[in-house]
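Q: Take this structure, written in structure tokens, and hold onto it; I'll ask about it next.
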Amino acid sequence: MEEKSRVQRLNCRLIDKITEIGDFEDVVRGLIDEYDPKEVSIKRDIEGRFFMLAHGKKAVFVMCGESKPIRIRSETVDRLNELRVHPDESINTILSRLVVYRSLKMQKKEKIIYFTDSEGCLPCRRAKPEVDKFLNDPECLQYADLVVCDSAEGDHPEDRFHTGLTPSWVFLDSNGSPYYTVRGGILQKIAMLSICKDGLL
């Protein structure tokens with residue numbers, strides 16, 4: 001019995017990126033298997049463009065350029081559709097998100113900082129600019145990944161550290177053990193960098 005498949009119109013550059021790794025179907029299934037939505041936040045900047053935060057890094061996934069039809073197994077298409085974050089999200093955007101996630105994961109640093117915020121939290125809003133400065137500073141990202149977590153979404157890695165307050169910061173060493181925690185406080189970028197480099201404020 002022939003396996004069912006569907007024709008999807010995909011971005012040509014996206015297809016090239018996937019086939020550079022290996023067989024299209026095999027690579028896509030691998031991308032799906034390693035993708036962890038709990039480690040990903042989809043945000044929108046002030047200009048209305050969507051971007052992704054994963055493994056402490058920011059990446060924009062914009063689809064532009066030519067596209068072409070490609071036949072994909074129906075089972076693979078169904079699994080991709082299960083990863084939608086919005087009902088109107090296209091297969092192109094989902095695949096782009098998976099490719100970017102894999103790329104960011106491969107760049108992961110030895111140290112990790114978990115920053116937890118919550119909606120309506122004034123100190124969290126005050127802390128966000130410092131978080132953005134860290135995420136956009138190449139020197140800072142040499143030392144650690146900064147993972148932004150939303151307390152309302154629940155089931156995040158920082159839950160096991162029982163911070164209890166927002167904003168909170170948990171610094172993990174290369175073994176994944178916490179060595180510095182700030183509960184309910186605001187840290188400036190320079191302070192975060194100091195803790196990453198020296199373990200001290």
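The values are calculated or read from the model by the stated rules, or taken from the named source; none is laboratory data. Values in this document were obtained by computation on a predicted structure and should not be read as measured data. Glycine also receives a Cβ, built like all others from the backbone with ideal geometry; neighbour counts cover every protein chain displayed. The area values use the complete protein model at the heavy-atom level, side chains included, leaving out ligands, DNA and RNA. Shrake-Rupley method; radii C 1.70, N 1.55, O 1.52, S 1.80 Å.
Q: Could you derive backbone 3J(HN,Hα) for the stretch 70-86 from the dihedral phi with the Karplus parameters 6.51, -1.76 and 1.60 (θ = phi - 60°), listing whole Hz in sequence and x where the residue is Gly or Pro?
A: Ordered by residue, 3J(HN,Hα) equals 9, 8, 10, 4, 4, 4, 5, 4, 4, 5, 5, 5, 5, 8, 4, 9, 8 Hz.
Q: Also: Computed FRET efficiency, Cβ-Cβ of residue 190 and residue 50, R0 45 Å: what is it to the nearest 0.05?
A: Working: r = 30 Å, r/R0 = 0.66.
With R0 = 45 Å, the Cβ-Cβ based efficiency is 0.95.
Q: Taking 19 Å as the cut-off for C-alpha to C-alpha distance, list the pairs among 111/197; 43/197; 38/105; 17/68; 17/111 that go past it.
A: Details: 111/197 10 Å; 43/197 29 Å; 38/105 13 Å; 17/68 14 Å; 17/111 28 Å.
Beyond 19 Å between Cα atoms: 43/197; 17/111.
Q: Okay, moving on. In Å², and per residue, what accessible area does the stretch 6-96 have when probed at 1.4 Å with the other protein chains present? Before the final figure, lay out the partial values.
A: Working: 5260 Å² over 91 residues.
Normalised by residue count, the accessible surface of the stretch 6-96 is 58 Å².
Q: Modelled label-to-label distance, residue 74 and residue 103, 7 Å Cα→beta-carbon offset: nm?
A: The modelled label-to-label distance comes out at 3.3 nm.
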